[in-house]
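Okay, structure first, notes after.
The values are calculated or read from the model by the stated rules, or taken from the named source; none is laboratory data. Everything quoted here is computed from the prediction, not taken from an experiment. Virtual Cβ from ideal backbone geometry, glycine too; neighbours counted across all protein chains shown.
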């Protein structure tokens with residue numbers, strides 16, 4: 001974490017130093033699941049994964065995960081060392097991941113970790129409903145649908 005927020009740096013040197021710092025802060029010998037939270041557009045994912053692979057071989061990481069990555073990046077990363085988890089936003093509002101990312105993870109045997117499945121709190125009743133005419137909520141409630149019930153049904157499928 002930099003002074004202005006998260007640092008996106010996938011260079012082998014930065015990956016190693018970040019992991020070493022995490023091990024020290026946590027006072028542990030290894031990390032069970034270490035994520036690449038954001039993919040560095042300047043460093044080839046293969047370079048990042050090669051360093052993570054070395055860290056797995058050294059026993060400092062058990063499993064590698066990736067977050068917010070494209071299908072192509074996931075394939076390239078997985079070719080260097082198997083990914084264990086892909087973290088992605090998945091909810092009633094963000095279903096585009098069902099087109100490519102979910103099938104790819106299933107094909108490669110990678111676990112899926114959904115973040116914000118409650119639509120950033122909306123489906124938990126934390127956000128205010130937008131009742132403007134263009135709103136999905138307005139359209140559904142106009143026809144007598146209970147949005148929360150629809151969400152519960154979707155989650156159970």
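Yes or no: residue 33 surrounded by 15 or more Cβ atoms within 10 Å (Cβ to Cβ), assigned by TED's automatic domain parsing to the domain that holds residue 111 and under 21 Å from residue 87 (Cβ atoms)?
Working: surrounded by 15 or more Cβ atoms within 10 Å (Cβ to Cβ): no; assigned by TED's automatic domain parsing to the domain that holds residue 111: yes; under 21 Å from residue 87 (Cβ atoms): yes.
Criteria not met by residue 33.
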- Number of the condition not met by residue 87 [criteria: (1) at pLDDT below 95; (2) under 16 Å from the mean Cα position of the chain (by Cα); (3) more than 20 Å from residue 9 (Cβ to Cβ)]: (3)
- Task: Mind listing whichever residues of the stretch 90-100 are modelled with pLDDT under 80 and within 28 Å of residue 47 (Cβ to Cβ)?
- Result: 97
- Message: Can you list residue pairs whose Cβ atoms sit under 9 Å apart, with the first residue in the stretch 76-102 being assigned by TED's automatic domain parsing to the domain that holds residue 55 and part of a helix (DSSP H, G or I) and the second being buried (at least 17 other Cβ atoms within 10 Å of the Cβ) and at pLDDT below 75? Count only pairs 6 or more apart in sequence or on different chains.
- Response: 97/90; 98/90; 101/90; 102/90
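Any idea which residue in the stretch 23-46 is nearest to residue 63 (Cα to Cα), counting only those that are in a helix (DSSP H, G or I) and over 20 Å from the mean Cα position of the chain (by Cα)? Steps first, please.
Step one: of the stretch 23-46, the residues in a helix (DSSP H, G or I) are 23-26, 45-46.
So of that shortlist, the ones also over 20 Å from the mean Cα position of the chain (by Cα) come out as 23-26.
Working: 23: 15, 24: 18, 25: 19, 26: 17 Å.
Selected residue: 23.
In this structure, does residue 103 turn out to be at pLDDT 70 or above and more than 24 Å from residue 10 (Cα to Cα)?
yes
Tally up the residues in the stretch 65-82 that are closer than 12 Å to residue 49 by Cβ and over 12 Å from the mean Cα position of the chain (by Cα), please.
Quick first cut of the stretch 65-82, residues closer than 12 Å to residue 49 by Cβ only: 65-66, 69, 73-82.
Cutting the leftovers down to over 12 Å from the mean Cα position of the chain (by Cα) gives us 73, 75-82.
So the answer is 9.
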- Item | Hey, residue 54 in the same structural domain as residue 109 (by TED's automatic domain parsing) and under 25 Å from residue 101 (Cβ atoms) or not | no
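Any idea which of 59, 65, 119 is assigned to a loop (DSSP other than H, G, I, E, B) and modelled with pLDDT of 75 or more?
59
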